[in-house]
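Participant: Input: one structure, supplied below.
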Amino acid sequence: MRVPEFCTSTERPVSLLNTIRELALSQYVEELDSLACVAAVAVCCALEKVKYRISADVEFSGATSTFKGLYNELMDYIEGTIKKCPRLRERWEDYKKCIKTRLAQYK
């Protein structure tokens, strides 16, 4: 398995990976397609809070239903576009190898 050099670097922290490490969830993370979509939806949710000046302490009521559509669109894009294009699929698989390599460093 070829793993790009930058994948093993510990110089630049990745917040999603740090969160997984801090919560000791590394051993449970296997399916990265879904995790990537959840992370993207979380960023959108946070940006909505900033855009509408909603306090970080206020729960985002209705976020599940509001952002479920975005999650589904992203999953559909991975399945329907990325995985069907050899070049994109290879890049996506390389990215997932990097993530798994970084997660393995936290075990």
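The values are calculated or read from the model by the stated rules, or taken from the named source; none is laboratory data. What you see is a predicted model, and the numbers here were worked out from it, not measured in a lab. Ideal geometry is used to build each Cβ from the backbone, glycine not excepted, and the neighbour counts take in all protein chains shown.
Participant: Filter the stretch 7-41 for residues that are at pLDDT 80 or above and touching a Lys or Arg at 6+ places or on another chain (Cβ under 7 Å) and give the result.
Facilitator: Across the stretch 7-41, the qualifying residue is only 32.
Participant: Of all residues being under 11 Å from the mean Cα position of the chain (by Cα) and either more than 15 Å from residue 73 (Cβ to Cβ) or of a type in the set (Ser, Thr, Tyr) (or both) in the stretch 30-41, which is surrounded by the fewest Cβ atoms within 10 Å (Cβ to Cβ)? Just the residue, please.
Facilitator: Residue satisfying both the conditions and the ranking: 31.
Participant: Answer with yes or no whether residue 62 is of a type in the set (Gly, Ala, Ser) and at pLDDT 80 or above.
Facilitator: No; evaluated as a whole, the condition is false for this residue.
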